[in-house]
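One structure is given below, encoded as structure tokens.
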Amino acid sequence: MPRTKSLATLINYYGEDRSFTPRINKIPTIYKILNKQIFNNKLKNPKIIVKRIHGALGYFEFSPYATKHCHKITLHNKFRNFREFAEILGHEMVHYYQKLILKQNTAKHNKEFYSFTKKFAKLGLKLKRVYR
Ligand SMILES: [Zn+2]
């Protein structure tokens, strides 16, 4: 992975046609870029795990009584390409923002969720409810 702070560089580097398998040690780099470009660095560091998921590409969970991590993002272990991975990570980060910053109890696809559409588009990403 090239050393860069530009998501466009990474999207270009990985290409559209190559499937992307997220490595847990590489995710923080991409998380940081999205946090800065989309969320003005307001997000903290949730627990992020990668595993095979059925019926979704990612999800966000809030567990108020968890001993260590109340906020958790789970990502699927395989994506169509890097861009799709970035879209899903960004999508779950919006849910995290809704919970952490907006204090919304149910982080749904409401108008606050879609208020990030333009910022996503600037990075070449789509913000949708479902991706496939
Ligand atoms: Zn969602």
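All of the numbers you see were taken from the coordinates with simple rules; none came from a lab. Quick caveat: nothing in here was measured; it's all calculated off a predicted structure. Positions of Cβ are generated from backbone atoms using ideal geometry, with glycine treated the same way; all protein chains shown enter the neighbour counts.
Yes/no matrix, rows are residues, columns are (1) charged (D, E, K, R); (2) exposed (fewer than 12 other Cβ atoms within 10 Å of the Cβ); (3) over 15 Å from Tyr131 (Cβ atoms):
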residue: Leu7; (1), (2), (3): no, no, yes
residue: Lys32; (1), (2), (3): yes, no, yes
residue: Val50; (1), (2), (3): no, no, yes
residue: Leu57; (1), (2), (3): no, no, no
residue: Glu84; (1), (2), (3): yes, no, no
residue: Thr106; (1), (2), (3): no, yes, yes
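Is it fair to say Ile88 is part of a strand (DSSP E or B), of a type in the set (A, V, I, L, M) and within 16 Å of the ligand (Cβ to nearest atom)? No; evaluated as a whole, the condition is false for this residue.
A single member of Phe79, Phe113, Phe39 is within 18 Å of Arg132 (Cβ to Cβ) and surrounded by 13 or more Cβ atoms within 10 Å (Cβ to Cβ), and it is Phe79. Residue pairs whose Cβ atoms lie under 8 Å apart, sitting 6 or more positions apart in sequence or on different chains, and linking a residue in segment 93-118 that is more than 19 Å from Tyr31 (Cα to Cα) and part of a loop (DSSP other than H, G, I, E, B) to a partner that is among the aromatic types (Phe, Trp, Tyr) and more than 12 Å from the ligand (Cβ to nearest atom), are Ala107/Phe62.
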